[in-house]
Structure formats: C-alpha cells, structure tokens
1. Tell me, yes or no, whether segment 229-238 has at least one residue that is within 18 Å of Met169 (Cβ to Cβ) and not in a loop (DSSP other than H, G, I, E, B).
2. Can you name the number of the only condition in (1) touching a Gly at 6+ places or on another chain (Cβ under 7 Å); (2) at positive phi that Thr248 fails?
3. Give the residue that is modelled with the lowest pLDDT, with candidates limited to residues of segment 40-55 that are under 13 Å from Thr28 (Cα atoms) and of a type outside the set (S, T, N, Q).
4. Would you confirm whether or not segment 222-243 contains a residue that is over 18 Å from Val181 (Cα atoms), touching a residue at least 24 places away in the same chain (Cβ under 8 Å), acidic (Asp, Glu) and surrounded by fewer than 19 Cβ atoms within 10 Å (Cβ to Cβ)?
5. Tell me yes or no: at least one residue of segment 148-155 is part of a helix (DSSP H, G or I) and either without any contact (Cβ under 8 Å) to a residue 24 or more places away in the chain or farther than 22 Å from Trp243 by Cα (or both).
6. Given Ser267, Ser258, which one is of a type in the set (S, T, N, Q) and surrounded by fewer than 21 Cβ atoms within 10 Å (Cβ to Cβ)?
7. Quick one: in segment 156-185, which of the residues that are of a type in the set (S, T, N, Q) and touching a helix residue (DSSP H, G or I) at 6+ places or on another chain (Cβ under 9 Å) is surrounded by the most Cβ atoms within 10 Å (Cβ to Cβ)?
8. What number of residues in segment 264-290 are farther than 18 Å from Ser244 by Cα and either of a type in the set (A, V, I, L, M) or outside the structural domain of Leu245 (by TED's automatic domain parsing) (or both)?
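The values are calculated or read from the model by the stated rules, or taken from the named source; none is laboratory data. Being a predicted model, the structure only gives us computed values, none of them experimental. Because the Cβ atoms are built from the backbone with ideal geometry, glycine has one as well, and the counts that use them run over all protein chains shown.
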Amino acid sequence: MPRYHVQRSIEINLDSATVFDTIADYGTWTKWSPWLCAEPTANVTISSDGQSIGSVYAWQGEVVGHGEIEHKQLEPGRRIDDEIRFLKPFKSVSQVLFEIEPTTNGSKVTWHMIGSLPWFMFWMTSMMEAWIGMDYERGLKMLKELLETGTILSETNVRGIQSVGPMRMAGVRASAHMSNVGPSMHAAVESATKLMQQNNLPTDGQMISVCHHLDMKKQILDFTSGFVIPAATGSLPSGLSEWSLPETKAFCVEHVGSYQNLGNAWSAANQHTRYKKLKQSKAGAFELYINNPENTAVEDLRTEIYLPLK
C-alpha cells in the first residue's frame, strides 16, 4: 500500500510543559484546528477527560467528513502519540505524533502524520502530502498564536456562490514560495503603487491579488498583486501586468483577521467547492482586500476570497 509521512514544525515562545499541556488537551483543538475553519458548525464530541490516554476527539460534518482521534501514549512535556481513524469520505487509519523539544527561546513542535492509502489511490500520495502539509502549517501557526497571545485572529464566513465582475486590474506579477507569499504580495503591491503613480494611473481602487497557478509539489505560487482599475483606463506601461474578469459566478468566503491566517479561508473555499462538486474556471482565483491595513486594526481586516466557476 502506498505510504506517506508528513511532518511540519514551528517554534513557540513558551516552555515545553505549557505547549504539551495545550496540545494534549483535546478541549483546545476546536480553537486551532485547521479543518474546522471550513465548517465551524461541524459536530465535535470530546471525552469527559480530554487529556489522558484513551481520550477521544471525534468530529462529523458535511464538508469535513467523519472521524476520530485517540490518545495512545503521552510523555509529559515531550511527546504525544495518537491514532486517527477516518470514517468518511473514506476509511483509513493513520498515526499522528507530536514531538516537543526545548529550544533557546521556548519549544519546537513537530507534527507528524504517518499512514497509507488504498493501493488504487497510489497516484494521490504526493497530493495528500502537500494538502496535509499545508493544513499542518496553518494549524501550527494558529497554535502558536493562541499560546503566545491568547487568541487567534481568524474568522471564516462562507458566503457561497455570488456574482462578481466585470473587473480589470493592474499589478506586478511575481512568484513566491508559499512560506513567503504574504511579504511577496506586499512587495508586489508596493512596486505596483510606485509604477502606477509614476504613470498617473489611479491607485484608489481596491487592492487585489490574483492567483494564476500553484505548484503543489514545489509550493510555488504565481500571482499578480495590485489594484482594481476603471475599465476605460488606457494601455499599461512596462512593468505592470493586466488581468481582467468578465461578469461571472464565483464561490466566495470572507476572512476576518490577520492576513497570516488567510490560508484558512482559501482552504474553506476549496473544501466547499470540492464537496459541492463545483468546477472552477481558469480565470484565476483572487482575494480582494476590503479595508486598508494601514488604518485598520489587524482583528478587523476583511478579505474576500473568490473562486470563479465554470
């Protein structure tokens, strides 16, 4: 059977005992789960004692499926061994492991999943590793934010299918690894702003980033970031790329909170379109920044994710 092993790590500025106690307590998982962002109303049940060997965390929802995870071994401050049992959309059993190591500034957490797929799904192994890896990165980021600040600045609101466009944008096209996509988009917007101001083009439209292609294996995103411009705007000068969208239907998810957690809304949008068997067009998915980060508190930042449909 085709096997996979996914692992992701993060450093948290707290001692290993505190980090261990939080992860070992299933009661905290609903706060930093990277999957419940897509379906916050999913039914979650937790053993009365959610932090001991034999404790179980179970979930059931239309979008997130059905399954449970159980504590098999707990080594305080060091290691958590779990077994995760997926029931829907297909049955499988995998090992989940958290390793916690002390560091100079706190603790390093490494989250593993080790499992296998049915033989006839061998072709999905690399995709599974990429998907789970992105989910783990989002979850670890939220765990770190929760432990270090006491809260997570991320809320997803599924808006569903909406009409969008027509729309035209001007921006700077670039590529970046997913681990650095936020700063790279910010730099692209700054470059677009300078070029547009130098050429007397309007920069008072909404900021927008269009995702042209994501190489899942290499985790490289090809994108354009800039501004929505009037349709009547003339041809663009060298250095600026143009993208346009006719009036169309798109699946929309709103994100409220820090840009570093925008992956939660993207994941929710993609999970819902897969569940509803909606086919995305090749127009390019995009995010619209509804308010200005320069004069808006981080917790109030609003971003709309659109996945254009065929």
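1. no
2. Condition (2) is where Thr248 drops out.
3. Selected residue: Gly50.
4. Scanning segment 222-243 turns up at least one residue that is over 18 Å from Val181 (Cα atoms), touching a residue at least 24 places away in the same chain (Cβ under 8 Å), acidic (Asp, Glu) and surrounded by fewer than 19 Cβ atoms within 10 Å (Cβ to Cβ).
5. Taking every residue of segment 148-155 in turn, at least one turns out to be part of a helix (DSSP H, G or I) and either without any contact (Cβ under 8 Å) to a residue 24 or more places away in the chain or farther than 22 Å from Trp243 by Cα (or both).
6. Values: Ser267 fails: surrounded by fewer than 21 Cβ atoms within 10 Å (Cβ to Cβ).
Ser258 is the lone residue from the list that is of a type in the set (S, T, N, Q) and surrounded by fewer than 21 Cβ atoms within 10 Å (Cβ to Cβ).
7. We begin by selecting, within segment 156-185, every residue of a type in the set (S, T, N, Q); these are 156-157, 162-163, 175, 179-180, 184.
Among the residues that remain, those that are also touching a helix residue (DSSP H, G or I) at 6+ places or on another chain (Cβ under 9 Å) are: 156-157, 175, 179.
On the way: Thr156: 23, Asn157: 14, Ser175: 13, Ser179: 10.
Within segment 156-185, the match that is surrounded by the most Cβ atoms within 10 Å (Cβ to Cβ) is Thr156.
8. So the answer is 5.
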